[in-house]
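What follows is calculated from the coordinates using simple rules that are stated; it is not laboratory data. Because the structure is predicted, anything quoted here is derived from the model rather than measured. A quick note on method: Cβ atoms are made from the backbone with ideal geometry, for glycine too, and the neighbour counts reach across all protein chains shown.
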């Protein structure tokens, strides 16, 4: 990876793209430390220390690189855009007009992208309003909206600042897509998560100091933590590159005096079909009870036991987490891959799978392969997501618990960006048949 970046740096236009991407990341990090006005920052810091954990607040803070906990301009992060994109993908399957737009080619995709932007701003406005209500109820807002004009003004400024931050981040991501390297939204997520590594390293140093001061169990757990982190990176890299290749044979055709076709190829089906989305869906659903408990604050009785049931250290939580990841992996594969369409495309191109008859047998064969590959990918995702939780429960290193979601994003974005750099360099060094 470092060799690829070094070689790309020697090419002037790629160097400019890398510079532009770094500049956008710097702008993103600057916006992530500028707090919105009318807040009591000391009270906010005390409040967020209580709410760091397995809930929507902790999850959002992880994705924004700490911007959410500090109520900065980019506190909403890129999450509204991700949610908007997922919603549009699902609606494109369920609503015929959107499905028709998706099949119109480049113009249709532009229209869907425009709708996605409007939905993103709407979601940003809703989330910004919800965050404002949470801050107001917690006594963080200096000027309450009930205190006349000043309160209404502060309310409008805070909510609009959060919404504007979402729109700016969406625009920054699109600028990376146009003038930079890599997927813009993924790069911003990567930058936010990687900024938390200083906290991770500081935690490791703290636990090592505890080991030197007599708590010798951390002499064992700290190295295990590092090994586990590296093992998860290897496993995610393996899953990203793994694929099942279905052999395809194209029939020969005679056109005039020339013969076309007769070639052998393959249909690649990646093991990680859903990427990180099944883990995101599962963790988002399981974080709802703990998020509700932020407001009702039940610690005893039936409701206390109910909310404890959904803490990440609970065995029941891990079992439900495992099942939800499997379910969402199959769900995402079902809406993204249609064996009937894949079979029809093969037939239109005079392609067949050796030993499988065209039509229904081909559909059934592709569906069976998709089901098996989805199961393998879902199991790998579940292992990646659950290993950090199991380690945190055994080691009692709660503040050092790794997030499977963040590791998948980090490794996936790094691999995707390196592949894009390699393809760009190949285009610039390719020698045609005229050379």
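The angle between the Cα long axis of helix 106-137 and the longest principal axis of the Cα atoms of the chain comes to about 20 degrees, rounded to the nearest 10. Between the helical axis of 339-348 and the dominant principal axis of the chain, each derived from Cα atoms, what acute angle in degrees is found, rounded to the nearest 10? So the helix axis and the longest Cα principal axis differ by about 30 degrees. Most tightly packed first, judged by the mean number of other beta-carbon atoms within 10 Å of their residues, the peptides 374-383, 95-104, 39-48 read 374-383, 39-48, 95-104.
With no solvent and one equal point scatterer per Cα, compute the Debye intensity ratio I(q)/I(0) for the range 1-195 at 0.14 Å⁻¹ and report its log10, rounded to two decimals. Listed by q, the Debye log ratios stand at -0.87.
Per-residue ellipticity at 222 nm from helix content only, as computed over the chain with -39500 (n - 2.57) for each DSSP H run of at least four residues, stands at -24000 deg cm²/dmol.
Look at 88, 76 and count the other Cβ atoms within 10 Å of each Cβ; fewest to most, that gives 88, 76.
The angle between the Cα long axis of helix 197-212 and the longest principal axis of the Cα atoms of the chain comes to about 60 degrees, rounded to the nearest 10. Placing a label point 7 Å from the Cα of residue 153 along the Cα-to-Cβ direction, the residues of the range 26-47 whose backbone N falls under 16 Å of that point are 37-39. Is the chain rounded, prolate or oblate when judged by the Cα gyration tensor, a ≥ b ≥ c being the square roots of its eigenvalues, rounded requiring a/c under 1.5 and prolate requiring a/b larger than b/c? Note, shape of the chain comes out prolate.
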